[in-house]
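Single-structure report; data block below.
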Amino acid sequence: MRKKRINFVDLGIIVFIIGVSITCLVPFLYMIALSLSSNSAITSQKVTLWPVEFTLETYKTILSDVEMIYTLGYSIVLTIIFTVVCMFLTICAAYPLTKKRLKGRSFFLSVLVITMYFSGGLIPSYMLVKNLGMMNSIWSLILPGAMSVFNLIILKTFFSSLPESLEESASMDGCNELGILFRIVLPLSLPSIATLSLFYAVDRWNGFQDALFYITDKNLYPMQLKLYQIITANQQLDTQQGEGSVGAYIVPESLKAASVMFATVPILVVYPKLQKYFVDGVMTGAIKG
């Protein structure tokens, strides 16, 4: 029998992927270890990739806030509404742009692409939200970023890759444009839709800057802004107490790590359920056309 030769190109790719995976995994493990370690272990810099003097004090601090559970539920609802609105607008924009009979299709697409490179800036955006009366409103966290042109292009490319014969057959059977969209196009585009929904959901869940500018009502704070306040409040307490002061407090680095983990868990729960669509949706939407 002939011995199978080692493919050094494949071996190099495997080693590279393992290296990148370790690079991404090590900081994550460090954050977990930091969030589960005691104050003395953190201040003495004993923590590496494994918790030292295991404790759940930081997580108790986060969950002890009576508003935290409300903020978590509100953030989940906000993310769901944002994702639904974004996908609705993206589908409504992407599907007509695949039709060659649409007059001015190139013009509309060019206008959309320009917004990827040029924008009005922070101050005009703030003035627009204020003049529209959306300050301290959930819509200030939804409408300004309600559609990503990049995601629109991916979905448009995916729609364009579908065989035209399917739509022609459905049209001959008496199906109108909405029927073709909901009965033919969208079911076949599930991988791309699931992928873009994940993009939108992660973007909103990690959103912080817009809430910092547009929201002053504590009941409308999303998760990231709430965690930011917890961290800054603990840092101020640390500064006031100073070194060598008496009294137990949580090291800010530990609280930061626990906050990161607390905000990351919901996405980690959702991602595995959409993983089977992820690669297929991205590759098909980006390559075919």
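Key figures for this structure:
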quantity	calculated
Cβ-Cβ under 8 Å pairs, at least 6 apart or on other chains, the range 193-209 side free of Cβ contacts under 8 Å to residues at least 60 places away in the same chain and under 20 Å from Ile153 (Cβ atoms), far side in a helix (DSSP H, G or I) and open to solvent by 30 Å² or more (accessible area, probe 1.4 Å)	Asp203/Gly145
Close pairs from the range 148-162: first under 12 Å from Tyr95 (Cα atoms) and part of a helix (DSSP H, G or I), partner of a type in the set (A, V, I, L, M, F, W, C) and open to solvent by less than 20 Å² (accessible area, probe 1.4 Å), Cβ under 7 Å, at least 6 apart	Leu152/Ala94; Ile154/Leu196; Leu155/Ala94; Leu155/Leu196; Lys156/Ala94; Lys156/Leu97; Phe159/Ala94; Phe159/Val185
Residues (modelled with pLDDT under 75, surrounded by 14 or more Cβ atoms within 10 Å (Cβ to Cβ), in a helix (DSSP H, G or I) and not charged (D, E, K, R)) located in the range 251-282	Pro252, Leu274, Tyr277, Phe278, Gly281, Val282
Residue selected from the range 128-144 under the condition polar (S, T, N, Q) and outside any helix (DSSP H, G or I), by the criterion surrounded by the fewest Cβ atoms within 10 Å (Cβ to Cβ)	Asn136
Yes/no for Ser125 being open to solvent by less than 60 Å² (accessible area, probe 1.4 Å), farther than 24 Å from Leu181 by Cα, out of contact with any Phe, Trp or Tyr (no Cβ under 7 Å at 6 or more places or on another chain) and not aromatic (Phe, Trp, Tyr)	yes
Output for the range 145-174, where each listed residue is open to solvent by 60 Å² or more (accessible area, probe 1.4 Å), under 17 Å from the mean Cα position of the chain (by Cα) and at pLDDT below 90	Met147
The one condition in (1) out of contact with any Asp or Glu (no Cβ under 9 Å at 6 or more places or on another chain); (2) within 29 Å of Phe208 (Cα to Cα) that Glu53 fails to fulfil	(2)
Wholly within the range 31-120, helices (runs of 4 or more DSSP H) carrying at least 3 residues that are buried (at least 16 other Cβ atoms within 10 Å of the Cβ)	39-43, 57-64, 68-97
Single residue of the range 179-233 satisfying the filter (more than 16 Å from Phe88 (Cα to Cα) and small (Gly, Ala, Ser)) that is most open to solvent (accessible area, probe 1.4 Å)	Ala233
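The values are calculated or read from the model by the stated rules, or taken from the named source; none is laboratory data. Treat the numbers as computed from the prediction; the structure is a model and nothing was measured. Neighbour counts are summed over all protein chains in view; Cβ atoms, including those assigned to glycine, are modelled from backbone coordinates with ideal geometry. These accessible areas exclude ligands, DNA and RNA; they are computed on the full protein's heavy atoms, side chains included. Shrake-Rupley method; radii C 1.70, N 1.55, O 1.52, S 1.80 Å.
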